[in-house]
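Please read the structure below before turning to the comments.
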């Protein structure tokens, strides 16, 4: 069942938390709402769920206008960041709660609870109480509770935020498996770009209550349309500059780097280049820079570089090459990796 938002806005007093958001998510697809704290992603999710009423706009779920429909009548499953399990109920009773509220007969209820526990791989643990479950197990129970009602739409509000890194990666892959296996239309809220890229068919990057860009994950990462998206998705260097007067086919960044420009482009005002697409060498082509900071990240080393022409740029190399802080290096860009922008930053 598809989800459609048409010009959704939400105002709290004098604050515009969400501004004119429109999108359509087809049946069985996964959309991530991605952005920093305060960008409007959770408010958008709460309006879809029915916990907040839009100030303007409409929300449709299939052929139903659910804009003003109470949350309990929307048939939407939701997993909260805190899981919100009832501490006085065991795992099976937590999963069964929504079915009980809907008046499902005990025999059918038991069958559906067992099936939901099987889907999230929690069979045999239904008698345990939340305090007897690990964080990952609690999250699986919360997910089973959302799935057992056979929702038309599944909403996930940063469900992995409370887990440690290894468990977060495992549960990320479990969610991927489950929502695709069941073909459930899903909206996932996160501030973690890696979660959004792995889980989603579409990613909407929000900034100050608006969608800056919505695209497939690979398109969003490789072809950002704004400086904000370029920086948020992978920490790209966004560099001001201008077309060369001597050669209009060359964009000259203020830091000294130069980039060939297609003649079909409107004259760009800035360029985005990712840290991994900058090449560092002790000698060779490019510009001169000093290593200000070297951060060992395991498989890679991240450098903050101070070009001779001024400014700061970030580069990332594999851990086989190491340049000490204070070293002079040469910096160039990998061919064809720059993305040109129509805005100064």
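Couple of notes before you dig in:
- Per the conditions (1) exposed (fewer than 13 other Cβ atoms within 10 Å of the Cβ); (2) modelled with pLDDT under 95; (3) within 28 Å of the chain's Cα centre (by Cα), the sole criterion not satisfied by residue 106 is (3).
- Residue within the stretch 188-198 that is surrounded by 18 or more Cβ atoms within 10 Å (Cβ to Cβ) and within 29 Å of residue 88 (Cβ to Cβ) present: yes
- Screening residue 179 with (1) buried (at least 21 other Cβ atoms within 10 Å of the Cβ); (2) touching a helix residue (DSSP H, G or I) at 6+ places or on another chain (Cβ under 7 Å); (3) under 30 Å from residue 149 (Cα atoms) gives one miss only, at (2).
- Residues that are touching a residue at least 60 places away in the same chain (Cβ under 8 Å), surrounded by fewer than 16 Cβ atoms within 10 Å (Cβ to Cβ) and within 17 Å of residue 152 (Cα to Cα), drawn from the stretch 1-46: 26, 27, 28
- Residue match in the stretch 47-62 (condition: free of Cβ contacts under 8 Å to residues at least 12 places away in the same chain and either in the same structural domain as residue 162 (by TED's automatic domain parsing) or not in a loop (DSSP other than H, G, I, E, B) (or both)): no
- Residues located in the stretch 284-299, provided they are in contact with a strand residue (DSSP E or B) (Cβ under 6 Å, 6 or more places away or on another chain) and surrounded by fewer than 14 Cβ atoms within 10 Å (Cβ to Cβ): 284, 285, 292, 293, 295
The values are calculated or read from the model by the stated rules, or taken from the named source; none is laboratory data. The model shown is predicted, which means the values in this text are computed figures rather than measured ones. Backbone-built Cβ (ideal geometry, glycine too); neighbour counts: all protein chains shown.
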